[in-house]
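Comments concern the structure below.
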Amino acid sequence: MHALLTGVELSYWQVSLLRVLGVLVAVVLPAGGFVYVFLFKMMSFMQSRLGPMEAGPYGSIQLLAEVGKFLQKEDIVPERADRRLFFIAPYIVLASTFLLLVVMPFGPDAYFANLDTGIFLALGLSSVSVIGILIAGWASANKYSLIGGLRAAGQLIAYELPMVLAVVGVVIQAGTLNLQGIVAAQHQGEIFGVDAIGNPFVLTQLVGFLVFLIATQAELTQTPFDMPVAESEIVTGYMTEYSGLRFLLFFIGEFATAGAFAAIAATLFLGGWALPFVDLDDNVMNVVGPLVLFAKMMLVGFLIFWARFTFPRFREDQLQAFAWKFLIPISLVNILATMALKVAF
Amino acid sequence: MPALPKLKLPGLFTGLRITFGELIKTVFPKRGIRTFIPAPSKGAVTVQYPHENESPAPRARGVIALKEENCTVCMLCSRSCPDWCIYIEGHKTKAPPRRPGGKERTVSALDRFDIDYALCMYCGICVEVCPFDALFWSPEYEYSEPRLADLLHDMDRLGEWMQTVPDFEPYEAGSDAKIRKVPR
């Protein structure tokens with residue numbers, strides 16, 4: 001981040017403050033953008049209606065009104081709930097979202113941490129939210145919450161595997177776990193000797209990309225896979241007993257995680273923050289890079305929410321069968337094929 | 001080994017095409033050369049209510065209007081109302097004879113005719129049962145009140161709504177029945 005302000009010497013606390021502000025923007029902006037553009041507007045247009053129109057021009061500050069509403073609400077805790085765990089659960093879920101963005105590269109120097117095991121860390125941290133959800137389901141002292149929490153745990157564990165296996169294909173092709181390295185590999189890659197647009201891995205890893213998107217849909221508990229919150233079966237699952245601020249935290253967590261996963265998908269498969277024909281070390285990319293990444297995130301988000309608004313919910317057994325008997329074998333075959341081709345060329 | 005859920009791929013893609021098509025139809029409604037300018041407010045089928053009014057079907061059951069002069073205080077509507085939401089009071093009075101030299105007539109006059117729209121369930125039995133063409137359906141729908149008790153609308157208010165009662169529509173071709181007239 002500090003290279004953004006060339007020529008200005010910043011002390012440690014100033015850099016830290018900038019990083020905190022940066023991660024807040026990186027979490028809240030995509031979350032707000034996703035909710036407004038996709039949940040409010042695109043969903044409405046797909047149902048031939050307009051969505052919120054009153055708060056601000058075209059309802060653009062509806063989200064602030066919603067936040068205000070949630071903050072006013074009474075914070076209810078069930079009598080038999082485990083109070084401490086009940087309070088802490090939404091923060092665990094949100095924390096995993098924030099941590100996901102720590103390894104995210106936004107430009108040549110615009111990153112929070114440039115780790116050699118970046119994608120490994122991101123995938124590991126994304127599963128921390130399962131613990132938060134399970135805690136929420138258990139601590140609520142509510143049968144619907146418990147069923148929802150257990151469903152969420154089963155689903156997230158089942159879909160973590162195809163997701164990781166889909167990523168392995170990319171890692172093999174790029175030859176590195178470092179996210180900056182993966183971006184560079186795509187930028188410097190070439191398609192049959194033509195290096196015009198680099199080699200975004202969506203072209204060579206199309207199967208991996210599709211598996212990753214489907215697994216992401218399940219990880220985010222978006223609609224074809226929303227059994228943990230299935231409102232027609234188990235009220236709202238693990239969120240049943242939450243209201244006010246804590247519900248808002250779950251809500252932000254859901255869409256911020258959608259943003260984070262979209263960013264990971266954009267980095268792994270769509271070339272990340274890099275632009276074709278622009279040098280990777282160009283200082284301009286520190287400013288343009290985040291915008292490029294954001295645009296690609298919106299593209300991935302569109303795919304996620306398009307599927308969400310189109311398909312009805314799976315049955316619980318179909319969900320598990322789909323992960324274990326279809327997605328995982330396919331991604332294993334994908335890995336084998338990638339390895340064979342990597343060795344061959 | 002239980003069979004895999006059979007993937008119905010064409011159906012999945014049809015679903016995606018339909019939702020995307022609806023999105024395009026809403027954001028870019030067909031209107032000649034200007035089709036390419038996004039205009040969701042024209043493409044959406046919904047109406048932004050407080051700013052623009054919906055136009056209900058002419059025979060929509062919006063509110064019940066009362067033609068006071070036709071009412072004979074027979075109480076049929078009040079008695080047939082499942083919710084008991086019609087309150088009627090009346091008195092007998094003398095009316096001038098129909099023909100010169102005739103006898104004075106005894107008629108019933110309304111003192112009170114209130115309908116409590118907080119109770120009314122819009123079944124329309126009162127309109128059906130009225131033998132003297134005093135009650136009519138009007139498509140008017142903007143009569144909500146901040147207080148529940150204010151939904152008890154009185155004779156004058158019900159009379160005002162007579163202006164909004166539409167004419168009866170002709171029956172289907174070949175019908176012998178006479179078209180009823182709305183008393184104006």
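Give the residue, chosen from B:A149, B:A173, that is out of contact with any Phe, Trp or Tyr (no Cβ under 7 Å at 6 or more places or on another chain), outside the structural domain of B:C81 (by TED's automatic domain parsing), over 11 Å from B:A65 (Cα atoms) and among the small types (G, A, S).
Answer to the selection: B:A173.
Are any of the residues in segment B:22-29 out of contact with any Lys or Arg (no Cβ under 8 Å at 6 or more places or on another chain), within 14 Å of another protein chain (Cβ to nearest Cβ), modelled with pLDDT under 85 and surrounded by fewer than 16 Cβ atoms within 10 Å (Cβ to Cβ)? So far as segment B:22-29 goes, no, none of its residues is out of contact with any Lys or Arg (no Cβ under 8 Å at 6 or more places or on another chain), within 14 Å of another protein chain (Cβ to nearest Cβ), modelled with pLDDT under 85 and surrounded by fewer than 16 Cβ atoms within 10 Å (Cβ to Cβ). Residues of segment A:83-95 include none that is at pLDDT below 90, basic (K, R) and over 21 Å from A:L245 (Cβ atoms). Residues of segment B:144-184 that are in contact with a Leu (Cβ under 8 Å, 6 or more places away or on another chain) and surrounded by 14 or more Cβ atoms within 10 Å (Cβ to Cβ): B:M155, B:L158, B:G159, B:W161, B:M162.
Residue-wise test of (1) assigned to a helix (DSSP H, G or I); (2) more than 14 Å from chain A (Cβ to nearest Cβ).
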site	(1), (2)
B:S41	yes, no
B:H51	no, no
B:A57	no, yes
B:I64	no, yes
B:T72	no, yes
B:R79	yes, yes
B:P82	no, yes
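Among the residues of segment B:61-73, are any without any contact (Cβ under 8 Å) to a residue 60 or more places away in the chain, in contact with a strand residue (DSSP E or B) (Cβ under 8 Å, 6 or more places away or on another chain) and closer than 30 Å to B:L152 by Cα? Yes: segment B:61-73 contains one or more residues that are without any contact (Cβ under 8 Å) to a residue 60 or more places away in the chain, in contact with a strand residue (DSSP E or B) (Cβ under 8 Å, 6 or more places away or on another chain) and closer than 30 Å to B:L152 by Cα.
The set of residues from segment B:91-108 being in contact with a Lys or Arg (Cβ under 8 Å, 6 or more places away or on another chain) and assigned to a strand (DSSP E or B) comprises B:K94, B:A95, B:R105, B:T106, B:V107, B:S108.
Okay, residues lined up against (1) among the β-branched types (V, I, T); (2) surrounded by 22 or more Cβ atoms within 10 Å (Cβ to Cβ); (3) touching a residue at least 12 places away in the same chain (Cβ under 8 Å):
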residue: A:A258; (1), (2), (3): no, yes, yes
residue: A:A266; (1), (2), (3): no, yes, yes
residue: A:F269; (1), (2), (3): no, yes, yes
residue: A:V287; (1), (2), (3): yes, no, yes
residue: A:L293; (1), (2), (3): no, yes, yes
residue: A:L303; (1), (2), (3): no, no, yes
residue: A:K325; (1), (2), (3): no, no, no
residue: A:T338; (1), (2), (3): yes, no, yes
residue: A:K342; (1), (2), (3): no, no, yes
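Where helices (runs of 4 or more DSSP H) fall entirely within segment A:1-95, those with at least 3 residues that are more than 14 Å from chain B (Cβ to nearest Cβ) and surrounded by fewer than 15 Cβ atoms within 10 Å (Cβ to Cβ) are at A:12-34, A:62-72. The residues of segment A:309-323 that are hydrophobic (A, V, I, L, M, F, W, C) and within 9 Å of another protein chain (Cβ to nearest Cβ), listed by number, are A:F309, A:F311, A:F314, A:A321, A:F322. Within segment B:138-164, residues that are assigned to a helix (DSSP H, G or I) sit with their Cβ atoms under 9 Å from residues that are among the basic types (K, R) and crowded, with 16+ Cβ neighbours inside 10 Å, at 6+ positions apart or across chains, in these pairs: B:G159/B:K67; B:M162/B:K67. Of the conditions (1) touching a Leu at 6+ places or on another chain (Cβ under 7 Å); (2) within 19 Å of A:V102 (Cα to Cα), A:I264 satisfies every one except a single condition; which number is it? Exception for A:I264: condition (1). B:E54 meets each of the listed conditions (1) within 30 Å of B:E22 (Cβ to Cβ); (2) assigned by TED's automatic domain parsing to the domain that holds B:V129; (3) not hydroxyl-bearing (S, T, Y) apart from (2).
The values are calculated or read from the model by the stated rules, or taken from the named source; none is laboratory data. On a predicted model such as this, the values are computed, not experimentally measured, just so you know. Note that each Cβ is placed from the backbone with ideal geometry, even for glycine, and that neighbours are counted across all protein chains shown.
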